[in-house]
């Protein structure tokens, strides 16, 4: 296989990764928001260009310019939504809103354009032969355009007043304001520039591969990996990471086993990160603990012995009573929906604790759920009559050990770097499951037999519901106890003040490993429950999109909150089921619902609870003051 | 100032709450009405042709007025949203039947639940359709992964299931008695590969075969079948190139094809396959192409049709007529679907239309003598079909030994003008003996 050929292939795709990634970096550096809608914006621009060329007969350059404008304006609209309609949300919540925007935009593209792939004509259909290598003219065009765009962006950021304003905003918003930077305008300009870059990448991808929402979303995820490799937050890193990732994937595909291509590529990324924890060109100062709980809404630990307080006990009793009584209350959904809800809530607890108290977030929890479900299926199949609690134990311990291993490997990583490292789990688990077909059933997957309790197989929906409910209640109590233990205090100390924690004798690195291991174990526990409810597991059932949906559930419910995990799981399970008969509107309405949730209750469930408490206290204070004879009206 | 700010914030939130209510109202109003429980005996109200006597017992999913309730889960959102066209095609045909007054007193209601191809949603959808909506049958439920998740539930409850859009290997095993409650339409992917590769070995003299396939159910069927056949046909599999359906860097796989030395390459994957073919041709590959059904028209065909070394060199086999066919059996489909769904995908939609026409024909035959429709009478009607042609379906047969349906396929070659049939519809390997008399 020609090295030159593979290098060329890798540079072309790498240039596209870099272009997409640079748009993400620009927004992230200025606003701390991870823009999950960059792919959808690129697809919108690409569909615009394809339609203008194919149906309206516009010349290629004109269509591309229009597409760039459309993409930029779409991004500006998103930026304005985040800045002016959702000003009180955290960057992580804004990131989740961009995911909702992406879903809505995908629906809009299907309605406005088509649901089929399209293609944008290539500019140069010539081929240049260098030895045995074939260098396509259009590929050179893609590289050249990407290089010009990247260079122009670099010049703008480093050599213009706008770029200076953007960089100052990324350093410190308050100081930037003091020096006269118009935060609103600079933010809008940032979104416009980043989205124009995304639009350009969409047009190029549309001519080099195809115009397709899924393709652009996949390229976006791969660009995240490229950014981490190059150094998240670094414009040079975006370019270097994109090119390196493209070349690495080319060579692995060309020379290695395609069956484990992603595993090899992510192994390369992990090796780089172990040596350079902030990527090749990244700097520690640029690592914002975006996914961490170290924000003004970081959850506090439960008060010691608060479980003895009447309010806590009352809340527990009410919750348990609601869960027990649910099957007997008329519902618009089948009972299995609530089994799925509680099993999903169990997984949400795992991520919620990790995000809220350990201060990190993970994109690999779907893989841990998959593993837990496979354990449930394989154990029940191979060890006929095995008791379900034992299945849960095996799933929990197995995934905890895997989590400990990954945690140990990624010891020096944090924030988005750690999150991308966990993404490796998703690809590795999928690829291994596809290959170990005798065990996993390969692509088709494997059935998960009915759970057995005290020698009795539980086959009805009601039996399975109570089994899942009981398991969840035990998990919730265990998690609650964990937070009240010394372990919970270590985690909060590491989250809020790692240096001080280390000075006080807390083994920071070891506790991070423990935190991820515990979270992984709980995720495996939830996965075994989900596999049991669904009665089947396949390698693609809980992929990256599912992991992102889980993060969404945690944000909506409030990270660090066990009741919040249930609330968030209810949102991501019940809302799509409620929308399932809306003839394809589900994406749009779900995306809009997300925005509405964060307008009404930024901060998720804890914010709702806290505002309700404040309102009640204010009313009580008002009554007290008027009782003492005050003539002032009290709000 | 604080009060003004709070006032603006309160107005903001109120406006949002009102918007939320509107959005919810929109969602609720656009949902299909909750079906009323059916399972009531038919009466002889307004039959069009033959009067229907009251059946001895109620039939789930058939109302007093003779409305047959059908249900399916089909991805209408998410990455597989293009599958929605299957439901649209079926709905378009059923609407024409209903508008004409139904058939023998029966009309059709088709409920589609969007599961986004997520198995956790599919299990909910399956139970909603069977237990809440009480449909007569599942009709074209879509997706291999989703079907695998509910396969056990369907089997345990003996749910009538017609023409699932899933890998038939999930519910049929050739040589074993088929489940009585499932009648298919898709042929096993393995049978399609068997026919195409066998023909390539015998008619094209292929000795070295490269296989490009996605690493999921469809693609795995391709490589598994090719591996199983290779020795018996005297073929060497020179390269097994599997790739993720979420891959974006396709060119290296095409380069591997060019370097493999293969006489022919079996392309048994859908995403990215045009790019792999393009890269292989660019790198000098001159062997034959054995393609899958996705290349029958539309986007995929457009991507490769004008590549040098593809036209005149590419083959595929199809188990049904395709939207590009001039066969008059498709005239109604072309005019009706284009009118109702001008931007819809006709290739997916034709599958839905054909399945709907097959169902309606079966209902018509089952009730031609005035007997009320039951699942048993519908089964009996299907089992009488031998070599039946309906819409795009060719040579459909069902027997006690197989409920596959589509047992035949024809080989076509891509020429400059388009696809040219090289053979008639012929039995795929291993299926002729199951066709019955």
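As a length-normalised measure over Cα pairs under 8 Å and 6 or more apart, the relative contact order of the stretch A:306-556 settles at 41 percent. A helix-only calculation puts chain A at -23500 deg cm²/dmol for mean residue ellipticity at 222 nm, using -39500 (n - 2.57) for each DSSP H run of at least four residues, averaged over all residues.
Give me the distance between the Cα centres of the stretch A:88-117 and the stretch A:8-27, rounded to whole Å. That distance is 21 Å. On the beta carbon distance between residue B:308 and residue B:202, with R0 = 30 Å, the FRET formula returns roughly 0.65. Shown here are the Rg and Dmax of the Cα trace of the stretch A:306-556, at 18.2, 56 Å. Label point of residue A:331 set 7 angstrom out along Cα-Cβ; within the stretch A:571-606, amide nitrogens under 11 Å from it belong to A:574. Please report the relative contact order for chain A, taking Cα pairs under 8 Å with a sequence separation of at least 6, and give it as a percent rounded to a whole number. Rounded, it is 19 percent for chain A.
Apply the Debye scattering formula to the stretch A:3-286, with a single equal point scatterer on each alpha-carbon and no solvent, then give log10 I(q)/I(0) at q = 0.14 Å⁻¹. Each listed q corresponds, in turn, to -1.00.
So if we plug the beta-carbon distance of residue A:144 and residue A:487 into 1/(1 + (r/R0)^6) with R0 = 60 Å, what FRET efficiency do we get, rounded to 0.05? Efficiency for this residue pair is about 0.65. Taking every Cα-Cα distance in the stretch A:139-286 and sorting them into 5 Å bins starting at zero, the pair-distance distribution P(r) comes out as 2, 9, 14, 19, 19, 16, 11, 6, 3, 1, 0, 0 percent.
Residues A:617, B:347, ranked from the fewest to the most other C-beta atoms within 10 Å, line up as A:617, B:347.
Size check on the protein assembly as shown: the Cα extents along the three principal axes, sorted descending, read 93, 77, 56 Å.
Here A:82, A:458 are placed in order of increasing Cβ neighbour count within 10 Å, fewest first, which gives A:458, A:82. Annotation: extensible slack from residue A:124 through residue A:383 equals 87.2 nm (criterion: 0.36 nm per residue apart, minus Cα-Cα distance). Within the listed set B:101, B:61, B:254, the residue fluctuating most in the Gaussian network model of chain B (springs between alpha-carbon atoms under 10 angstrom) is B:101. When you restrict to C-alpha pairs under 8 Å that are six or more residues apart and normalise by the size of chain B, the relative contact order lands at 15 percent. Mean projection of the Cα convex hull over all viewing directions, computed for the stretch A:352-400: 3.6 nm².
Placing R0 at 51 angstrom, the Cβ-Cβ distance between residue A:55 and residue A:255 gives a FRET efficiency of 0.75 after rounding to 0.05.
Using a simple spin-label model with pseudo-atoms 7 Å out from Cα toward Cβ, residue A:477 and residue B:432 lie 6.8 nm apart.
Name the most mobile residue of B:390, B:74, B:404, meaning the one with the largest mean-square fluctuation, in a Gaussian network model of chain B with Cα contacts below 10 Å. With Cα springs under 10 Å in chain B, the top fluctuation among B:390, B:74, B:404 is at B:390.
Neighbour counts of other Cβ atoms within 10 Å put B:158, B:263 in the fewest-to-most order B:158, B:263. The stretch between residue A:401 and residue A:312, if pulled fully straight at 0.36 nm per residue, gains 28.8 nm over its current Cα-Cα span. Temperature 4 °C, viscosity 1.567 mPa s: under these conditions the Stokes-Einstein estimate for the stretch A:146-205, based on its Kirkwood radius over C-alpha pairs, is 106 µm² per second.
Volume per residue for chain A equals 184 cubic angstrom (convex hull of Cα atoms).
Beta bridges from DSSP with both residues in the protein assembly as shown: antiparallel share about 45 percent, rounded to the nearest 5. Applying 0.36 nm per residue to the separation of residue A:499 and residue A:174 and subtracting their alpha-carbon distance, the gain on full extension is 114.5 nm.
Sorted largest first, the principal axis extents computed over the alpha-carbon atoms of chain B equal 82, 65, 40 Å. Under a Gaussian network description of chain B, with springs only between Cα atoms under 10 Å, the residue in B:342, B:372, B:146 that fluctuates furthest is B:342. Between the stretch B:65-113 and the stretch A:370-390, how many Å separate their Cα centres? Their Cα centres are 39 Å away from one another.
Each reported figure results from applying straightforward, stated rules to the coordinates on display, with no laboratory input. The model shown is predicted, which means the values in this text are computed figures rather than measured ones. Positions of Cβ are generated from backbone atoms using ideal geometry, with glycine treated the same way; all protein chains shown enter the neighbour counts.
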